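Q: The structure follows.
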Amino acid sequence: FLLVIGVATGRRFGSDSVVERLCDSLFVLVIRYCIEEGLVGQGVFAAMQDRRLATVLGLIHRQPWQPWTIAELCTHAGISKTLLSEKFALYLGASPIEYLTLWRMQIAAHWLKETGMTVERVAERCGYESVPAFSKAFKRCLGASPGAFHRAETIK
């Protein structure tokens, strides 16, 4: 930590980049320590310790707009539908498709914070053919309509 403080307080060429990389590395080391010491029993970091779950999560995170089915995810990971669903419920508290939808809506929420972005454009970017279908999914996941969320974020 002293290294980060020393680099951050010195205004030398590349200081910002070095501090950012050091913080990223420290974050990874803290997460690794927590996992190895058994301090992380649930959530994405715990799930990533299972090779098959890591494969499914990688697919979901890298290609969220892919129209994934449970069968496709299972095929890629070499796991049964039942075991995949059980492990997702255990580690993530959701089914794989619920998790995928939540991940998509979190990305959508990020886009709704952008200046000039409309609900219609976000729905389109998310692959929804209709704004009402997108709005229903967004509200179910995040508890507010995308329009209300967008208005609240643009007021800030």
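The values are calculated or read from the model by the stated rules, or taken from the named source; none is laboratory data. Because the structure is predicted, anything quoted here is derived from the model rather than measured. Reconstructed Cβ throughout: ideal geometry from the backbone, glycine too, with neighbour counts over all protein chains shown. Calculation scope for accessible area: heavy atoms of the full protein, side chains included, ligands and nucleic acids excluded. Shrake-Rupley method; radii C 1.70, N 1.55, O 1.52, S 1.80 Å.
Q: Give the residues of region 46-89 that are within 18 Å of the chain's Cα centre (by Cα) and among the acidic types (Asp, Glu), sorted by residue number.
A: Listed by number, the list holds a single entry, ASP50.
Q: Considering every residue within region 64-78, establish whether at least one is at pLDDT below 90 and touching a helix residue (DSSP H, G or I) at 6+ places or on another chain (Cβ under 7 Å).
A: no
Q: Now, a different point. Filter region 33-54 down to residues that are buried (at least 17 other Cβ atoms within 10 Å of the Cβ) and not in a loop (DSSP other than H, G, I, E, B), then give me how many there are.
A: Count: 4.
Q: Looking only at region 55-83, which residues are more than 29 Å from VAL122 (Cβ to Cβ) and among the aliphatic types (A, V, I, L, M)?
A: ALA77, ILE79, LEU83
Q: Name the one entry in SER95, SER145 that is among the small types (Gly, Ala, Ser), closer than 30 Å to GLU36 by Cβ and open to solvent by less than 50 Å² (accessible area, probe 1.4 Å).
A: So the residue among SER95, SER145 that is among the small types (Gly, Ala, Ser), closer than 30 Å to GLU36 by Cβ and open to solvent by less than 50 Å² (accessible area, probe 1.4 Å) is SER95.
Q: Could you pull out the residue among LEU102, LEU90, LEU83 that is open to solvent by 50 Å² or more (accessible area, probe 1.4 Å), in contact with a Cys (Cβ under 6 Å, 6 or more places away or on another chain) and part of a helix (DSSP H, G or I)?
A: Going through LEU102, LEU90, LEU83 in turn, just one is open to solvent by 50 Å² or more (accessible area, probe 1.4 Å), in contact with a Cys (Cβ under 6 Å, 6 or more places away or on another chain) and part of a helix (DSSP H, G or I): LEU102.
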